[in-house]
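Structure first, then comments.
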Amino acid sequence: MSIGRSLGRLLSPGDIVCLTGELGAGKTCFVKGLAGGLGIKGKGVTSPTFIIIREYKGRVPFYHIDLYRIGVVEDLRDIGMEEVIYGRGVTAIEWAERITDRLPGERIEITLRYEDEKTRLIEMKAIGRHHREVLKKAAGELGKVADNR
């Protein structure tokens with residue numbers, strides 16, 4: 001959550017964060033951190049598995065999309081996802097690998113993996129100049145957090 005919170009503080013309208021990882025790897029926990037960084041209380045952030053998209057009010061609108069139950073890519077038009085992704089808020093997409101060919105050209109990709117029962121590995125990749133700058137700033141912030149432990 002603290003890594004997500006650090007990243008969330010740096011996000012701005014139009015930013016897309018795509019999350020991948022096996023079930024239980026921590027995608028929703030990371031999204032709760034993003035929400036906290038955007039000024040949204042994390043306790044109210046839950047996975048939208050059954051409703052697909054949740055919207056939260058923070059310093060900018062925050063959209064949390066969970067594609068776990070999406071079967072056919074064409075279903076995305078029916079739920080208005082394209083309007084959300086290209087809208088005025090920050091969007092986090094869990095199970096983003098299910099729509100790789102429909103994702104915006106600029107985004108942050110986050111992969112969460114189990115190292116052991118208590119440890120996760122987090123890989124972050126920026127696609128596009130703006131998102132590279134965001135991740136560069138986030139790395140600086142995370143370095144400060146690690147130094148203070």
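Each value in this text was obtained by applying a stated rule to the coordinates, not by laboratory testing. Computed from a prediction, not measured in an experiment: that's the story for all the values here. With ideal geometry, Cβ positions are generated from the backbone for all residues, glycine too; neighbour counts draw on all protein chains shown.
A few notes on this one:
- 14 Å beta-carbon shell around Thr20, net charge (K/R +1, D/E -1): 0
- Here Glu141 and Arg102 are evaluated by their C-beta separation; at R0 = 22 Å the FRET efficiency comes out at 0.10.
- In nm, spacing of pseudo-spin labels at Arg132 and Thr46 (7 Å Cα→C-beta vector): 4.1
- Charge context of Ser47, other residues only, Cβ under 11 angstrom, K/R +1, D/E -1: +2
- Anchor Lys41: aspartates and glutamates whose Cα lies under 17 Å away (excluding residues fewer than 8 positions away in-chain): Glu55
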